[in-house]
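One structure is given below, encoded as structure tokens.
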Amino acid sequence: MSATKVSLSLPERLARQAERVAKREGRTRSELLREALKLYLAESKWRELRQYGAAQAGKLGLAEDDVERLIREYRAGN
């Protein structure tokens, strides 16, 4: 895997916390921050998908309970 170096500015307190966690877990700060960014991006994608799903359900006049019920019914039928 090729890597691109990025400069990152952190508040001193956050940098110290990251250093402590990385040391405790036997990882480098870079490994820790890469993992944090991957998790953030994955969560961001899920937020986008949930927002899209909510918008589509709203267009169909469905409430959250309706969606869950319809999924259960669909799964039970297959």
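The values are calculated or read from the model by the stated rules, or taken from the named source; none is laboratory data. The model shown is predicted, which means the values in this text are computed figures rather than measured ones. Reconstructed Cβ throughout: ideal geometry from the backbone, glycine too, with neighbour counts over all protein chains shown.
When segment 44-72 is limited to residues that are polar (S, T, N, Q) and farther than 23 Å from Ser7 by Cα, the one that is nearest to the chain's Cα centre (by Cα) turns out to be Gln51.
Quick grid of which residues meet (1) aliphatic (A, V, I, L, M); (2) under 30 Å from Ala18 (Cβ atoms); (3) at pLDDT 95 or above:
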| site | (1), (2), (3) |
| --- | --- |
| Ala36 | yes, yes, yes |
| Ala42 | yes, yes, yes |
| Arg47 | no, yes, yes |
| Arg50 | no, yes, no |
| Ala54 | yes, no, no |
| Leu62 | yes, no, no |
| Asp65 | no, no, no |
| Tyr74 | no, no, no |
| Asn78 | no, no, no |
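For the criterion of being of a type in the set (A, V, I, L, M, F, W, C), out of contact with any Pro (no Cβ under 9 Å at 6 or more places or on another chain) and over 22 Å from Ala3 (Cβ atoms), Leu41 fails.
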